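K.L.:
Sending over a structure as structure tokens; questions will come in a sec.
A short reminder: the numbers here are calculations on the coordinates, not readings from a lab. Because the structure is predicted, anything quoted here is derived from the model rather than measured. Quick reminder, even Gly has a Cβ in these numbers, built from the backbone with ideal geometry, and neighbours come from all protein chains shown.
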Amino acid sequence: MSRVGVKRRLSRIIEPSIRPARLVLAFKTALAAGVAWLVGHLLPGEVDDYSYYAPLGALIVMMPTLMSSLRSTLQTALGLLIGIGLAFAVIFSPLPGYLSVALAVGLGVLLGGLGGLGAGRDYVPIAALFVLVLGGANADDFSLGYLVQMGVGMLVGVVINAAIMPPLWIQESSASVSELRQRIAETLDDVALRVVDGSELHGSLDQMREIDTALREAEATASEAAESRRLNPRARRHPYDIDEDFDDLLALTRLASQLRHIIEDAQARRESLEGASDPASAATESVLRRLADLLRSWDAGRGTRDAVQEVRDAIVRLAALEREHPLSLDGQKEPTLSPDARHMVAIVERRLHRN
């Protein structure tokens with residue numbers, strides 16, 4: 001892997017942990033845990049004895065989006081109720097302690113598979129186990145304290161998440177789409193260089209695998225951005241059409257597929273030449289570089305009409321050379337690059353016309 005590839009991979013690993021949204025989430029989670037601890041100590045009676053569960057409740061519901069926090073709260077509360085109920089059902093059975101624990105955990109795991117529990121599925125067996133092992137003879141008091149303190153912590157977490165900059169992931173989504181356009185353009189430039197100087201094209205295929213990974217990550221980011229707008233009071237002050245990002249990602253996915261075909265066809269064309277020079281290499285380079293320019297114009301939001309015309313003209317010249325110098329391997333005509341290039345232009349044009 002090249003030095004640039006290593007840096008890019010390290011950046012993709014480290015960068016998510018230091019993004020502003022992540023730093024804000026860390027601050028809010030720490031604040032929620034501290035506030036939940038204080039509030040838990042203010043509760044009356046023996047419930048105060050279990051105040052250490054309040055920070056846990058705040059922690060488990062502090063999610064990247066407000067909607068996911070609310071969903072996690074409801075699902076966790078339901079999981080806790082099912083687990084506590086399961087523990088009491090086992091307590092009243094005549095089974096010895098070790099069998100009671102085994103039965104509660106086993107049934108808790110099964111019940112955790114119920115549809116809709118989501119984040120609460122893990123807390124069904126945990127709650128049942130805690131009531132049996134930690135509650136013991138005081139299962140009633142423990143269950144009440146555990147449930148109330150977890151509930152207080154979850155409530156504190158949701159309130160703080162909603163009150164302090166409830167996250168909107170629209171900038172991250174837009175940035176990920178822009179980065180993909182730039183990366184595909186860079187790969188087009190890289191392929192163009194390899195076509196001219198005769199370098200191996202396997203390195204470009206490695207870049208395509210990285211682009212495939214980036215596409216999946218960008219789709220996940222766009223989905224988070226869409227969810228972050230739900231029930232978010234900041235969404236009204238920051239209008240954004242997230243569907244545009246999804247449409248861009250669909251177009252970029254198709255472009256990546258066509259680019260992979262171009263790389264494979266370029267490799268097949270080189271093999272059919274058997275070391276001879278390719279009379280169409282300069283025209284192929286021109287097409288690939290004009291396609292890269294088109295991607296950058298699309299990303300910048302200007303100059304796309306001229307960029308489209310330039311790449312069309314370059315494709316016409318390449319197609320003429322491909323017809324003039326047809327190649328074959330094992331008696332079969334080799335695929336040409338100009339049709340894939342035309343498809344890439346058409347994909348971008350359709351996307352631009354929808355805007």
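K.L.:
Might you report the magnitude of the Cβ-based charge dipole of the stretch 13-171 about its Cα centre, with Lys and Arg at +1 and Asp and Glu at -1, to the nearest 20 debye?
P.N.:
Working: 5 positive and 7 negative charges, 124 e Å.
Rounded to the nearest 20 debye, it is 600 debye.
K.L.:
If packing is taken as the mean number of other Cβ atoms within 10 Å per residue, what is the order of 183-196, 97-110, highest first?
P.N.:
Details: 183-196: 21.3, 97-110: 15.8.
Those peptides, ordered most packed to least, come out 183-196, 97-110.
K.L.:
For the chain, take the longest principal axis of its alpha carbons; what is the angle in degrees between that and the long axis of helix 304-324, to the nearest 10 within 0 to 90?
P.N.:
50
K.L.:
Oh, and also: Test of understanding: what is the full-extension gain from Leu99 to His353, defined as 0.36 nm times their sequence separation minus their Cα-Cα distance? Intermediate values should be presented prior to the final figure.
P.N.:
Details: separation 254, 0.36 × 254 = 91.44 nm, distance 6.69 nm.
Difference between extended and current length: 84.7 nm.
K.L.:
Treating the beta-carbon of each Lys and Arg as +1 and of each Asp and Glu as -1, no other charges, what is the dipole magnitude of the stretch 15-81 about its Cα centre, to the nearest 20 debye? Each step should come with its number before you reach the end.
P.N.:
Numbers: 4 positive and 4 negative charges, 86 e Å.
About 420 debye.
K.L.:
So what is the relative contact order of the chain, in percent, for Cα pairs below 8 Å that sit 6 or more residues apart?
P.N.:
Details: 454 pairs, mean separation 59.6, N = 355.
It comes to 17 percent, rounded to a whole number.
K.L.:
Still on this model: Could you tell me the relative contact order of the stretch 1-119? Use alpha-carbon pairs under 8 Å, at least six residues apart, and round to a whole percent.
P.N.:
Relative CO of the stretch 1-119 lands at 18 percent.
K.L.:
Kindly rank 197-207, 253-263 from highest to lowest mean number of other beta carbons found within 10 Å of each residue. Mind showing how you got there, number by number?
P.N.:
Numbers: 197-207: 14.9, 253-263: 19.9.
So the peptides 197-207, 253-263, ranked by packing, come out 253-263, 197-207.
K.L.:
Have a look at the stretch 81-124 and give its Rg and Dmax from the Cα atoms, expressed in angstrom.
P.N.:
Cα radius of gyration and Dmax of the stretch 81-124 are 10.7, 33 Å respectively.
K.L.:
Which value, in debye to the nearest 20, describes the size of the charge dipole of the stretch 206-325 about its Cα centre when Lys and Arg Cβ atoms bear +1, Asp and Glu Cβ atoms bear -1, and nothing else is charged?
P.N.:
On the way: 19 positive and 26 negative charges, 103 e Å.
Roughly 500 debye, rounded to the nearest 20.
K.L.:
Round to the nearest 10 and give me the degree value, 0 to 90, for the angle of helix 281-300's Cα axis relative to the longest principal axis of the chain.
P.N.:
Approximately 40 degrees, to the nearest ten.
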